[in-house]
Amino acid sequence: MTPELKTPFSPRKNMGVVLAIIAIAFFIGLPLLKNNFLLSIVMEMFLLAYLGQTWNIFSGSTGLLSFGHAAFFGIGAYTSTILLLKFNLSPWIGMLVGGLLSACVGMAIAYLSLRYKVRGVFFALGALACSEFIRLLTLAWIPLTNGAQGIMIPWKGENLLMFAFGVRKKYLSYYVILIMLALCSYIAYKIKKSRLGYYLAAINGNEDAAEMLGIHALKYQVMTMGISTFLAAWAGTFYAQYYQHFEPDVIFGAMRNFNIIFPVVLGGSGTVLGPIVGAVILQGFEGIVRNIIPSNWYGVPRIFYGLILVILMMYMPGGIVNFVKRKLRHSSPEKKTSAGGK
Amino acid sequence: MSLLTLNNVSKNFGGLKALSDVSIDVEEGKITGIIGPNGSGKTTLFNVITGFMKPNGGDIIFDGKSILNLKPHEISNRGLGRTFQIVKIFGNLTVVENVMIGALHYTSHLAEARKEACRVLDFLNLSELSDVYGDALTISSRKQVEMARALTLKPKLLLLDEPGGGMNPTEVDELMGQLSKIKKSGITIVVIEHIMKAIMGVSDRIVAINYGKVIAKGTPKEVSMNEEVISAYLGDTVNVL
């Protein structure tokens, strides 16, 4: 008896598709409300989700914690901006250059670490050290980076080809980050459903066993780091063009690294929806807590915020999406969840 | 013709000689059993063959070529599959996905790989476990799934490290049936096993190892009669056959 191949369209999957379409339609239509404040908040949320997704592509699938992903975000911001200011190169092209540079740095870091079997906590610390190194470099290399003051991009008017949309055409910036997030999530999904995804799952499951199945673990890990860091740099260019100003401590700081990882861990690392769910919840909580607590109770919103996160992490340690998936798997009749001795 | 040849292979861990001058010929199409007491160097032998450890001396010829300086994945790609004494199942994947990984070597098409995985699971009578997650399996199922996973690679040679460990007698019988079936499909097998009755029954040739040295080679009967093997390992001839 051969087990049946899974049917492509189950009722549950259909419901998921419908919900996804509704969500996408909602976000496409959002600028029609002409509420720039709301748009800013949603854009911040998208940026959070996007960076989380790039991190998730590498760390979620390989199980190797890249604690310094902010470095690649920063490389993107600095590369496109420096090219813009020194050579008047369009940030659209700068975005690609930054992505390539970032991928090279990311792949070099991954190769050197993994080649010499630097794993677990040491990989995380190594990545953090590299990120710090790049931060210090931008602080010290003043002629190129303007040091601690950061870089201000002078406003030269709206120009689509120069990635300059300004406040009046804010909705264009909004669509850019929306498309970026959709594209990045699509790539994450495609990887998961491909040979690469299965290989990464195998390597994450047990590297020796994967090697013994002919999988060159190092090659696939480095490749994935390349994809992840290439995309992470795009967020940097977007940030620079949207805010028109950035400085090393904001771009590379510990808080930035934390903000990249946290939505994913909260939402469910290794899942495509995880970073998005995590970002929505983080941004949502922050908004709600700030609104219901009087503004002169300094620090209290943060306490509430932290408390809710602690509770979520305690009861859903694998993240929200993984928690829901597990629940669904247990309630699903067609799948066995445990096996006796055969 | 021998598919795998070890010439004077040695491996030291500091001052400890885990393997000293081991020479073995594995004949194509046969099952070669490797026996030896705990710590005699059997698993080290597998680790050296599959490239997880570099030998300190000697040469390993597989399918006519030296595989001495190759990495595990390169050796695997030459057609050498392996299971582990401490099973290394992908707990994060279902059984069919575990087995698919090997098949993905030949096709990047997931559905095709899944089909091949189902075929191999069917071949080993493991179909009913298809949708169970790796970490929910019992130890004996894990061992069998690991074997199925190695088979989807279509190896020329399969190294099995204690496939019967943790199995009850019925399961061991079933396993020996599977080994014979795999052999019939044209795959050469080298198997490490502690269950004497099983390994003596299924193997064409036996190699006995003690303190990292080969102490006897031959048919199961010859080896079981060998004085040195008896004193080193079997203890009493009466229990053997």
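The values are calculated or read from the model by the stated rules, or taken from the named source; none is laboratory data. Source: prediction; values computed, not measured. Heads up, the Cβs are rebuilt from the backbone with ideal geometry, glycines too, and the neighbour counts pull from every protein chain shown.
Per-structure values
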item: Qualifying residue in the range A:234-256 (condition: within 13 Å of the chain's Cα centre (by Cα), part of a helix (DSSP H, G or I) and small (Gly, Ala, Ser)); result: yes
item: Residue satisfying condition, being more than 10 Å from chain A (Cβ to nearest Cβ) and either crowded, with 22+ Cβ neighbours inside 10 Å or under 13 Å from B:Val96 (Cα atoms) (or both), within set B:Leu129, B:Leu160; result: B:Leu160
item: Given (1) within 9 Å of chain A (Cβ to nearest Cβ); (2) among the β-branched types (Val, Ile, Thr); (3) within 18 Å of the chain's Cα centre (by Cα), index of the condition B:Val99 fails; result: (1)
item: Residue match in the range B:3-16 (condition: away from chain A (no Cβ under 14 Å), in contact with a Lys or Arg (Cβ under 6 Å, 6 or more places away or on another chain) and part of a strand (DSSP E or B)); result: no
item: B:Val95 crowded, with 23+ Cβ neighbours inside 10 Å, closer than 20 Å to A:Lys192 by Cβ and at pLDDT 90 or above; result: yes
item: Residue count, the range A:195-244 (criterion: more than 13 Å from every other protein chain (Cβ to nearest Cβ) and under 20 Å from A:Gly106 (Cα atoms)); result: 18
item: Any hit, the range B:149-156, residues being farther than 18 Å from B:Glu174 by Cα, surrounded by fewer than 21 Cβ atoms within 10 Å (Cβ to Cβ), at the interface with chain A (Cβ under 7 Å from one of its Cβ atoms) and not polar (S, T, N, Q); result: no
item: Hits in the range B:137-146 - residues which are surrounded by fewer than 23 Cβ atoms within 10 Å (Cβ to Cβ) and either within 14 Å of B:Leu179 (Cα to Cα) or facing chain A (nearest Cβ under 8 Å) (or both); result: B:Thr138, B:Ser140
item: Scope the range A:211-250; condition buried (at least 24 other Cβ atoms within 10 Å of the Cβ) and β-branched (Val, Ile, Thr); matching residues; result: A:Ile215, A:Thr224, A:Thr229, A:Thr237
item: Test result for A:Lys86, at pLDDT 90 or above and basic (Lys, Arg); result: yes
item: Pair list, Cβ under 7 Å, 6 or more apart: the range A:236-252 residue at positive phi, other residue surrounded by fewer than 22 Cβ atoms within 10 Å (Cβ to Cβ) and not polar (S, T, N, Q); result: A:Gln244/A:Met152; A:Gln244/A:Ile153; A:Gln244/A:Trp155
item: Boolean, A:Ile151 is touching a His at 6+ places or on another chain (Cβ under 9 Å), buried (at least 20 other Cβ atoms within 10 Å of the Cβ) and more than 11 Å from every other protein chain (Cβ to nearest Cβ); result: yes
item: Total residues in the range B:175-222, condition surrounded by fewer than 17 Cβ atoms within 10 Å (Cβ to Cβ) and assigned to a helix (DSSP H, G or I); result: 8
item: Filter result for A:Val277 (farther than 25 Å from A:Ala71 by Cβ and in contact with a Gly (Cβ under 6 Å, 6 or more places away or on another chain)); result: yes
item: Residue identified as under 25 Å from A:Leu65 (Cβ atoms), over 17 Å from the mean Cα position of the chain (by Cα) and in contact (Cβ under 8 Å) with a residue 40 or more places away in the chain among A:Ile215, A:Ile191, A:Ile203, A:Ile187; result: A:Ile203
item: Hits in the range A:254-272 - residues which are farther than 19 Å from A:Ala71 by Cα and in contact (Cβ under 8 Å) with a residue 60 or more places away in the chain; result: A:Gly267, A:Ser269, A:Gly270, A:Thr271, A:Val272
item: Contacts under 9 angstrom Cβ, first residue in the range A:108-124 being within 17 Å of A:His69 (Cβ to Cβ), partner in a loop (DSSP other than H, G, I, E, B) and among the polar types (S, T, N, Q), 6 or more apart; result: A:Ile109/A:Ser66; A:Ala110/A:Ser66; A:Phe123/A:Ser66; A:Ala124/A:Ser66
item: Residues satisfying the stated conditions in the range B:86-109, i.e. part of a loop (DSSP other than H, G, I, E, B) and out of contact with any Gly (no Cβ under 7 Å at 6 or more places or on another chain); result: B:Ile86, B:Val87, B:Lys88, B:Leu104, B:Tyr106, B:Thr107, B:Ser108, B:His109
item: Single condition A:Ser295 does not satisfy, out of (1) assigned to a loop (DSSP other than H, G, I, E, B); (2) of a type in the set (Gly, Ala, Ser); (3) in contact (Cβ under 8 Å) with a residue 40 or more places away in the chain; result: (3)
item: Number of positions in the range B:11-40 that are touching a residue at least 60 places away in the same chain (Cβ under 8 Å) and over 24 Å from B:Met200 (Cα atoms); result: 5
item: Unmet criterion (only one of (1) in a helix (DSSP H, G or I); (2) more than 7 Å from every other protein chain (Cβ to nearest Cβ); (3) touching a residue at least 60 places away in the same chain (Cβ under 8 Å); (4) not basic (Lys, Arg)) for B:Asn47; result: (3)
item: Members of the range B:85-95 that are under 11 Å from B:Glu146 (Cα atoms) and more than 7 Å from chain A (Cβ to nearest Cβ); result: B:Gln85, B:Ile86, B:Val87, B:Ile89, B:Val95
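Rundown of residues vs (1) modelled with pLDDT under 90; (2) assigned to a helix (DSSP H, G or I), yes/no style:
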residue	(1), (2)
B:Ser140	yes, yes
B:Glu146	no, yes
B:Arg149	no, yes
B:Pro155	no, no
B:Gly164	yes, no
B:Met167	yes, no
